[in-house]
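Student: Submitted below is the structure of interest, expressed as structure tokens.
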Amino acid sequence: MIEIWHHSFAEDNTHDVELTLAGLAENRILNKIIVVNDGAQALDYLYRRGRFATRAEGNPTVFLLDLKMPKVDGLEVLRIIKQDENLRSIPVVMLTSSVEEQDLARSYAYA
């Protein structure tokens, strides 16, 4: 496997994207960050298909994943990542404003 030092960020709220990127920059996280806007794009990125078909091989060093996203929700993306032998070692950080205990419990169950 090729080690690529970049991070992926799946978030559908542009304000949250801006805040997160500003926070990372402020803390001198200088790695390339790939931003996608829904769960389907996140899976396309991970599986190198669609507009990401030509991206370099290798997995991100960390994946920031919003829980509530359009097309494919974050929990489903997390489930797919953790069930795939080639993806399961990617550290995933779940981001959410949800206070629903079942959302949090399901996230932990997939990790």
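Student: Mind ranking 52-64, 68-80 by how tightly packed they are, going by the mean number of other C-beta atoms within 10 angstrom, highest first?
Tutor: Packing proxy ranking, top to bottom: 68-80, 52-64.
Student: Grab the other residues whose beta carbon is less than 11 angstrom from that of residue 100, score K and R as +1, D and E as -1, and report the net.
Tutor: 0
Since every read-out is calculated from the coordinates, none of them should be taken as a lab result. Predicted model only: the values in this text are computed from it and were never measured. Glycine also receives a Cβ, built like all others from the backbone with ideal geometry; neighbour counts cover every protein chain displayed.
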